[in-house]
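In what follows, a single structure is set out as structure tokens and then discussed.
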Amino acid sequence: MLFGRDKKNPIKIADKGVIEWKYTTCGYCSTGCSIEVGLNDKGEAVASRGVGGADVNRGKLCLKGIFEHELFRLPGRGKTPLMRDKHYDPFRKTGWDEALDKVASEIKRIQAQHGRDSFAIVSTGQIMTEEFYTLGKLARGVIGTNNYDGNTTLCMASAVSGYKRSFGSDGPPGCYDDFEHTECLLAIGSNLPEQHPIIFWRLRLALEKRKFPIIVIDPRVTMFAQMADIHLPITPGTDLVLLNSLAHVILEEGLEDRAYIEAHTSNYDEFSKLVKQYDPLTASRICGIDEDTIRNVARTYAKAGAAMTIWTMGINQSTHGSDGVVGINNLNLITGNIGKPGGTSLSITGQSNAMGTREWSSCSGLPGYRALESEQDRSDIAQFWGIDPEFFPKKRGLFQTDIFPAIEAGRIKGLWLIATNPMTSMTNTSRIRKILEKLDFLVVQDAYEDVETNEYSHVYLPAAVWAEKEGCFTNTERRVNLTRNVIKPNADSKSDLWIFSQMAKRFEQGQKMHFPETAEAVFEELRTLSKGRMLDYSGMSYDKIEQQRGIQWPCTDGNETGTPRLYSDGKFQHADGKAKLIPLPFVDNNERPDKEYPFWLNSGRVVEHFHTRTRTGKVGNINKFSPTPYMEMNPDAARELGIEHGNYARLTSRRGDAVVMVQLTQRVPPDMVFIPFHYHECVNRLALGLLDPHSRQPAFKQCAVHIAPATDQQSAAIRNKAARAY
Ligand code: SF4
């Protein structure tokens, strides 16, 4: 007789005709899941599966990963280079030689007329580490522009800046294994189940074995907030006040780790003087969290044997994002929660290789966490590349968010965009459109020729995507993992590595330098340059990385398995070897709701989409869950405005307007609405995006809007249907 589960029909997985599985790493988010792509007898990618022996995902994949093999042949893939004289002319097809010659000659022309920095380069967080390194070599060592940055300024710049200010260097100190050891988890501005489902699953595994408190700070009742023990629905943009107040309670009640503070931190006196001003009563009036709850959270965190904080864009995308990160680091330093199992400040990164660009792209400096400001670093890299150190600028140039205003002001005339789509990802879309139209020359290098930004280009270079090439990604916990080349690039598209090295050959200085042809040969340069540094790769090789399904740096020569945590010895990267406690006065400098624009507009991700939907918007089994721009709105607020569930509403801000479908839900309070940021011509038409002074990251998440029912529901529905068909 059959019982329970045995009585049910067994799950049958459709036979896709896979004859070979190839090892890769997921190309979407920074979790870093190991994936195998299944090929059929025609060499076509027909299936994806998680790798059982991989420590990160242990055989699991999220929705995006399960269908990742489909992205190789999505509509809109670029097949051949395209060119035109004016951005409003039709494109004509061309060959690689003509396209690359044109780009090189335009770079030279613009630089000769307007100076080296008049040509800017903005890249991504999604190409391979070896490609980032090669692009950095080209941008810094050959083209020589100092206006070179990555789109990671939109997502991770505040984390980088905060780590550098507190610890003396970038580099997330913790790892996923910390969930197994922590006694308290604080999550700020992170909807982990939707943004990073596999990291969330790792947390759930840890919780099944051993219960520990989960505290979620988020203005919205996210999926994560719903499973938290304590949810703090904070007033948008006031996290710094709450963090200062938690520190206030800990110091006031003597709950700090005095021995750790004395041995491993500096600047305690200034810090403690500042947090004295943030008593819970004062803080509660600003951040909206009652005094009692602030005290309870502070005590719970400080009394835990080990406590950790994770965060994502809710902290980073703010006018004081960098300060928010430092505030988290302050909290963990005064409680001795850095570098120990279960005690850490772990920023959860967004793009698959946002870490790789931070480490090796030279966007903010020189490769391997070297600084342009350091004479020694400039000299070491110049010697390694065989160029004159004087060719390098002595400090970094503009961030991405300052490059666009510099185009507007006429200081930058040419731009090369690599796997980034500012027409959707930057705030104030109509301003970005005018800025792109103003360029003398725009080259877009992307796997998809139908990205919105390509409407404004003069040359389009079709790039290979993900496992159409080979190379490494670094994930959120510093784990370097490998993507093997699974299938050939689509049509005549080429790997980004090939494009960069071919471009270098078109410059006199590039002809004198060595640009390796293969990703593995580039990796050897990284290993050499990393030796003895914080991010030491010298003990890694491609085969070893694949065997271990990823290795965490530092991995010194002879080290077999890498290093799970940084700063376990209490030694930091500041000159005195100590971490810095930094006082953080709160300045309320962002737009707030008022009579004219009475709602907070909050934005974020949904589980089924990735960034600007260039990929997930076209995968039917993913897009069907959220095919259309929509807004979460509180039913009470909607009733007052005469808006019903499923209606269309028009949002207006001081920048522009957008029409979206309304979903009524108690997940948002009456004075707030939430819109997923993935859709073109939606959130970023409205957002203000004031910049953080340290990181130059925009405050995507907080602005004020007015809401009214859309007057013509039928044409709004037609417009939304068009967006769905993307
Ligand atoms: Fe890919 Fe991230 Fe999903 Fe893992 S969690 S399968 S890395 S998108």
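The values are calculated or read from the model by the stated rules, or taken from the named source; none is laboratory data. Only a predicted model underlies this, so the values are computations on that prediction, with no experimental measurement involved. Positions of Cβ are generated from backbone atoms using ideal geometry, with glycine treated the same way; all protein chains shown enter the neighbour counts.
Annotations for the structure displayed:
- Residue ID - farthest from the ligand (Cβ to nearest atom), chosen from residues in region 8-23 that are among the basic types (K, R) and surrounded by 13 or more Cβ atoms within 10 Å (Cβ to Cβ): K16
- Neighbours by Cβ (under 7 Å, 6+ apart or cross-chain): first from region 184-202, on the phi > 0 side of the Ramachandran plot; second more than 10 Å from the ligand (Cβ to nearest atom) and among the polar types (S, T, N, Q): G189/T312
- Every pair of residues 6+ apart whose Cβ atoms lie under 8 Å, when the first sits in region 45-59 and is more than 12 Å from E20 (Cα to Cα) and among the polar types (S, T, N, Q) while the second is within 11 Å of the ligand (Cβ to nearest atom) and in a strand (DSSP E or B): N57/S34; N57/G50
- Some residue of region 456-475 being at positive phi, buried (at least 24 other Cβ atoms within 10 Å of the Cβ), under 21 Å from the mean Cα position of the chain (by Cα) and part of a loop (DSSP other than H, G, I, E, B): no
- Considering (1) out of contact with any Cys (no Cβ under 8 Å at 6 or more places or on another chain); (2) over 29 Å from S158 (Cα atoms), the lone condition that V660 does not fulfil carries the number (1).
- Condition met for G59 (within 28 Å of the chain's Cα centre (by Cα), over 30 Å from A14 (Cβ atoms) and not hydrophobic (A, V, I, L, M, F, W, C)): no
- Counted residues, region 342-379 - those being farther than 22 Å from A519 by Cα and surrounded by fewer than 19 Cβ atoms within 10 Å (Cβ to Cβ): 6
- Number of residues in region 649-672 that are touching a His at 6+ places or on another chain (Cβ under 8 Å) and buried (at least 20 other Cβ atoms within 10 Å of the Cβ) equals 4.
- Considering residues of region 24-39 that are more than 6 Å from the ligand (Cβ to nearest atom) and over 15 Å from the mean Cα position of the chain (by Cα) only, the residue surrounded by the fewest Cβ atoms within 10 Å (Cβ to Cβ): G38
- The sole residue among D440, D446, D450 that is crowded, with 21+ Cβ neighbours inside 10 Å, away from the ligand (no atom under 16 Å from the Cβ) and among the charged types (D, E, K, R) is D446.
- Region 66-112 - residue that is surrounded by fewer than 18 Cβ atoms within 10 Å (Cβ to Cβ) and in contact with a Phe, Trp or Tyr (Cβ under 6 Å, 6 or more places away or on another chain) and, of those, farthest from N40 (Cα to Cα): H87
- Residue in region 52-66 that is more than 16 Å from the ligand (Cβ to nearest atom), at pLDDT 95 or above and either under 21 Å from T349 (Cβ atoms) or of a type outside the set (K, R) (or both) present: no
- Here region 124-167 is the region considered, the condition is being closer than 9 Å to S361 by Cα and either basic (K, R) or within 13 Å of the chain's Cα centre (by Cα) (or both), and the residue that is modelled with the highest pLDDT is K137.
- Entirely in region 189-243, the helices (runs of 4 or more DSSP H) that have 2 or more residues that are at pLDDT 95 or above: 197-209, 223-226
- Scanning region 248-268 for residues that are surrounded by 21 or more Cβ atoms within 10 Å (Cβ to Cβ) and touching a Leu at 6+ places or on another chain (Cβ under 6 Å) turns up just one, T265.
- Residue that is modelled with the lowest pLDDT, among those in region 626-652 that are more than 16 Å from D712 (Cβ to Cβ) and touching a helix residue (DSSP H, G or I) at 6+ places or on another chain (Cβ under 7 Å): P627
- Residue count for region 303-314 satisfying the condition of being assigned to a helix (DSSP H, G or I) and in contact with a Cys (Cβ under 9 Å, 6 or more places away or on another chain): 2.
To keep it simple, each residue is scored yes or no on (1) under 29 Å from D569 (Cβ atoms); (2) free of Cβ contacts under 8 Å to residues at least 40 places away in the same chain.
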site: L442; (1), (2): no, no
site: E455; (1), (2): no, no
site: E477; (1), (2): yes, no
site: K494; (1), (2): no, no
site: S501; (1), (2): no, no
site: E517; (1), (2): no, yes
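- Condition met for P81 (over 20 Å from I622 (Cα atoms) and in contact with a Pro (Cβ under 9 Å, 6 or more places away or on another chain)): yes
- Scanning region 545-586 for residues that are under 23 Å from L529 (Cα atoms), surrounded by fewer than 16 Cβ atoms within 10 Å (Cβ to Cβ) and not small (G, A, S) returns D557, N559, E560, T561, K571.
- Helices (runs of 4 or more DSSP H) within region 315-423 that include 1 or more residues under 18 Å from the mean Cα position of the chain (by Cα) and within 30 Å of D218 (Cβ to Cβ): 321-334, 354-360, 400-408
- Some residue of region 154-165 being within 16 Å of the ligand (Cβ to nearest atom), over 18 Å from C33 (Cβ atoms) and among the polar types (S, T, N, Q): no
- Hits in region 612-624 - residues which are touching a residue at least 12 places away in the same chain (Cβ under 8 Å) and either among the basic types (K, R) or touching a helix residue (DSSP H, G or I) at 6+ places or on another chain (Cβ under 7 Å) (or both): T612, R613, R615, T616, G617, K618, V619, I622, N623
- Residues of region 627-667 that turn out to be without any contact (Cβ under 8 Å) to a residue 12 or more places away in the chain and not acidic (D, E), as a count: 1
- Some residue of region 69-91 being within 30 Å of R202 (Cα to Cα), within 16 Å of the ligand (Cβ to nearest atom) and part of a loop (DSSP other than H, G, I, E, B): no
- Among the residues examined, T222 does not qualify as among the β-branched types (V, I, T) and touching a Gly at 6+ places or on another chain (Cβ under 7 Å).
- The single residue among I432, I407, I418 that is closer than 20 Å to A104 by Cα, surrounded by 22 or more Cβ atoms within 10 Å (Cβ to Cβ) and touching a helix residue (DSSP H, G or I) at 6+ places or on another chain (Cβ under 6 Å) turns out to be I407.
- Residues within region 130-178 that are charged (D, E, K, R), within 24 Å of G321 (Cβ to Cβ) and assigned to a helix (DSSP H, G or I), tallied: 3
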